[in-house]
Amino acid sequence: IRAFLKKALKEWEMDIDELPEAVIRSVAGRQELNQYKQTKVYLKPLFKGLKKRNLDGGLIERLARIVMHTRARQYTKAADDYLLLAIGKAAWPMGVTMVGIHERSAREKIFSADVAHVLNDETTRKFVQSVKRLVTYMQNKYPPASFTEALEPTAIDKHAPTMLKALGKVEIDGIYDSKELHMPGNR
């Protein structure tokens, strides 16, 4: 997990470093740079926890699945695991709960595996969201073979690799080769 995330961060940094100064000064370029810097800062507690091996087992398991699916360019499956990590699959009570002194009968059905880890504290929420940013970045740099494996097919073509592609510095394969895809300027 740690090696993959560090490699992805390094690739993102290298892509930003290769952007011309004019692109960096643009609004989109500054947003990209700021998002990269924020992601790097937010991931530090995750790297520290992975190195010390003191993270929750369920959290590590979900992160490993996200990394595995991202490596295989199965971004929809990575997104599914992200959602399970972020919001869990616990029953969310509707309306007012615990109005009396008695506990609800369904309360015991909520297990720790069903509860979202990302809601536990702010630090965890930040690094889990940063992992999602890296998955989105990797999808843009290494698109899947088909749109069915893409997280958000409309989000492809909005990150630094695309800016580099426009400058002729990066060749991106995958869905860019599809004859069905007609992006502005790619006719």
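Bear in mind these aren't lab numbers, they're just calculated from the coordinates by the rules spelled out. Quick caveat: nothing in here was measured; it's all calculated off a predicted structure. Cβ atoms come from the backbone with ideal geometry, glycine included; neighbour counts cover every protein chain shown.
Considering only segment 1-19, how many residues are surrounded by 13 or more Cβ atoms within 10 Å (Cβ to Cβ) and either among the hydrophobic types (A, V, I, L, M, F, W, C) or not in a helix (DSSP H, G or I) (or both)?
Counting residues in segment 1-19 that are surrounded by 13 or more Cβ atoms within 10 Å (Cβ to Cβ) and either among the hydrophobic types (A, V, I, L, M, F, W, C) or not in a helix (DSSP H, G or I) (or both) gives 9.
In the set L46, L33, which member is of a type in the set (A, V, I, L, M) and free of Cβ contacts under 8 Å to residues at least 60 places away in the same chain?
Answer to the selection: L33.
Mind telling me which of the residues N54, N34 ends up being surrounded by fewer than 16 Cβ atoms within 10 Å (Cβ to Cβ), among the polar types (S, T, N, Q) and assigned to a helix (DSSP H, G or I)?
On inspection, the qualifying residue turns out to be N34.
Conditions: (1) buried (at least 18 other Cβ atoms within 10 Å of the Cβ); (2) within 22 Å of L151 (Cα to Cα). A64 meets all but one. Number of the miss?
All conditions are met except number (1).
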